[in-house]
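To keep things clear, I will list the structure first and then write my remarks on it.
Nothing in this text is a laboratory measurement; each read-out follows from the coordinates by a stated rule. Only a predicted model underlies this, so the values are computations on that prediction, with no experimental measurement involved. Glycine gets a Cβ as well: all are built from the backbone with ideal geometry, and neighbour counts include every protein chain shown.
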Amino acid sequence: MASELKVDKFTGVTTAGSIDVTSGSTTTNLQQGLLKSFMDLDGTGTIAFHDSFNMSSVADNGTGIYTPSYTNIFANINYLYCGMGETGTDTQNGRGLSAYSLAVLTSSIKIRTGTKSNNSAEDLPHNRLGCTGDLA
């Protein structure tokens with residue numbers, strides 16, 4: 001017996017660059033509801049992106065401190081950023097990632113990754129950052 005192909009039907013409304021997608025009774029605004037940038041940065045040795053979206057470059061500002069710059073900037077500094085660092089080698093793998101010295105700009109954000117035990121900054125093989133908000 002052949003299996004039936006189920007097709008989800010989406011309806012959408014486009015106004016001024018904003019797209020609302022409805023599935024069933026749930027509506028999601030794609031302009032507001034998706035990540036606008038992300039990165040997975042190797043912070044060991046010569047820094048480099050493992051993967052990224054809407055990131056043009058990253059500056060190495062010292063041990064565990066980086067400034068990624070966005071290809072398309074945010075409309076204001078009131079965007080959400082979140083992330084974490086990972087060692088990839090031990091059971092205490094997760095590390096905190098935070099903004100550094102209030103250096104949140106529409107074009108970049110200075111971040112710092114650190115250990116759980118003594119809150120010192122460290123270079124990690126995975127520094128993951130995601131940002132969402134209004135692009136300019």
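Here the 3J(HN,Hα) profile of region 118-132, calculated from phi with Karplus coefficients 6.51, -1.76 and 1.60 at θ = phi - 60°, is 10, 6, 8, 6, 8, 6, 10, x, 9, 10, 10, 9, x, 9, 9 Hz, Gly and Pro shown as x. The mean of 1/r over all pairs of different alpha-carbon atoms in region 45-136, once inverted, gives a Kirkwood hydrodynamic radius of 13.5 Å. Starting from the Cα of Ile19, move 7 Å in the Cα-to-Cβ direction to define the label point; list residues of region 33-56 whose amide nitrogen is under 19 Å from there. 33-38, 53-54, by backbone N distance to the label point.
On a full-extension model of 0.36 nm per residue, what is the gain between His50 and Cys82, subtracting their alpha-carbon distance, rounded to one decimal in nm? Here the answer is 9.8 nm.
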